[in-house]
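The values are calculated or read from the model by the stated rules, or taken from the named source; none is laboratory data. Just so it is clear, the structure is predicted and the values come from calculations on it, not from any experiment. Note: ideal-geometry Cβ built from the backbone for every residue, glycine included; neighbour counts use all protein chains shown. These area figures cover heavy atoms from the full protein model, side chains too; ligands, DNA and RNA do not enter into them. Shrake-Rupley method; radii C 1.70, N 1.55, O 1.52, S 1.80 Å.
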Amino acid sequence: MLQENDKKKVIQIGDLAKRAGISVRAVRYYEELDLIIPTGHSVGGFRLYDEENLKRLQVINFLKELGLTLIEIRKILLAKKEIGGDRETVSFLQRVFKEKLGLVEVKIRALSKMKNELSNALRILDSCQSCDHKVLLDAICCDSCASLNPRDTVPRTFEVILQ
C-alpha cells in the first residue's frame, strides 16, 4: 500500500519485505546494521520506506547471492562514507568484486563439469532405455555399446555404479 509522505511514495515494512522477498525480521535486522534507514514514520508510528530502500534491499540480496557476508555488504554500502575518497572507494570495490568474480568463475567451472557429467549419464541412460541386453549398465556386457565407447566417456558416476 503506497502512501504519500512529504510528496514521496512510501510503503510500510511488511510491504517492503514482501516486495524485496525477505522477512520483516530481516528488514529490521538490516536497519540495526545500518544497511537501510526508514524514510520516516506514519502518524501511527509505523516505519515507512521508499523506492530507494527497496533498491537497496535488492542490491543486498544480490550481494548475498554472491556469497558476501552482511559485514562485507555493510562495508560496501557504507564504503563512500567510511573510506572517504572516491578513488579509495573505487579501489576497495574493485578488490572486493574481483575476488568475488574469481569465486564465481570457480563455481561456474565446477557447475560446467557437473553439467557434462549429467549429460553423459543421460546420454548413456537414454541408449540403455532401448537396449535389448538382459543386464543394463554392465560395462563388460555393454562393451560393444556405442554409448559406452570410448571408455573414458563413461561418467565417474557410472564407474562407481557399474562396479
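Name the shape class, rounded, prolate or oblate, that the alpha-carbon gyration tensor gives for the range 3-63, where a ≥ b ≥ c are the square roots of its eigenvalues, rounded holds for a/c under 1.5, and otherwise prolate holds if a/b is larger than b/c and oblate otherwise.
Note, shape of the range 3-63 comes out prolate.
Just the number, please: carbon plus sulfur as a percent of the accessible area of the range 1-81, 1.4 Å probe, no ligands or DNA/RNA counted.
Solvent-exposed carbon and sulfur of the range 1-81 make up 54 percent of the total.
Which entries in K64/K98; K55/K100; K8/K81; K81/K107; K18/K75 show an alpha-carbon gap greater than 27 Å?
K81/K107
About the Cα centre, and with charges only on the beta carbon of Lys, Arg (+1) and Asp, Glu (-1), how big is the dipole of the range 1-85? Nearest 20 debye, please.
Using only the charged Cβ atoms, the result is roughly 80 debye.
Taking the Cα centre of the range 63-127 as origin and charging only Cβ (+1 Lys, Arg; -1 Asp, Glu), how large is the dipole, in debye to the nearest 20?
In total the dipole reaches around 80 debye.
Summing Lys, Arg as +1 and Asp, Glu as -1, what charge do residues with Cβ under 14 Å from the Cβ of V106 carry, V106 excluded?
+3
Using only the Cα atoms, what convex hull volume per residue in Å³ does the range 1-102 have?
Per-residue hull volume (Cα only) is 107 Å³.
Is the C-alpha gyration tensor of the range 55-102 telling us rounded, prolate or oblate? Criteria: a/c under 1.5 is rounded; beyond that, a/b larger than b/c is prolate, otherwise oblate.
Oblate shape, in that a/c is at least 1.5 and b/c is the bigger or equal ratio.
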